[in-house]
Amino acid sequence: MNIRSWKEDDLPQLVGLMTHLGYPASEDVLSERFSRITRHPDYDLLVLEDDDMLLGCVGLFQAQAFEHDTTYVRIVAFVVNATYRRQGIGRRLIRAAEDWAHARGATAVLLNSGNRPEREAAHHFYQAMGYSVTSTSYSKPLASS
């Protein structure tokens, strides 16, 4: 198994992973989106592959904290193909995200996870990886201009 940054050739499989995550999109849409996002040096999309098959991915960005003179990394996308869950792939991806953050001098890794019953297993996983509930997140869609 290998963890690396995504590349264009990964798009057909990333379509499937993003669908597993609940955000279906076409190859063309993902190509544009991921190219736009990862053009910025503070963003990356790491994939875990085994024999040319993508088993999971984690999307990351680093930001400057307002409340401290430090930076943090936020996990903004995280998915393991449902067929391959409970095989250590999620742990490897989270550790890779933490290594990515550490290499950039970040002092924390943050993530959000929905408060829906189907997310309970994910919440247990995050807690087992050493993450704790530290805040409540709010969201408001903005009207199109």
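What follows is calculated from the coordinates using simple rules that are stated; it is not laboratory data. All values reported here derive from a predicted model rather than from experimental measurement. Using ideal geometry, Cβ is built from the backbone for each residue, glycine included, and neighbour counts are taken over all protein chains shown.
Take 81-87, 12-18 and order them by the average number of nearby Cβ atoms within 10 Å per residue, most first; the result is 12-18, 81-87.
Summarising the label geometry, the points placed 7 Å from Cα in the beta-carbon direction at residue 104 and residue 143 lie 3.5 nm from one another.
When only the Cβ of Lys, Arg, Asp and Glu is charged (+1, +1, -1, -1), the dipole of the stretch 8-70 relative to its Cα centre reaches about 320 debye. Rounded to the nearest 20, the size of the Cβ-charge dipole of the stretch 2-128 about its Cα centre is 400 debye, with Lys and Arg at +1 and Asp and Glu at -1. Shape class of the chain from the alpha-carbon gyration tensor: rounded, with the ratio a/c of largest to smallest axis under 1.5. Annotation: amide H of residue 76 within the under-5 Å range of 59, 60, 61, sequence separation 5 or more or interchain, hydrogens built in the peptide plane. Modelled this way, with points 7 Å down the Cα-to-C-beta line, the labels at residue 129 and residue 29 are 2.5 nm from one another.
Note on 89, 94: ascending count of other Cβ atoms within 10 Å places them as 89, 94, the fewest first.
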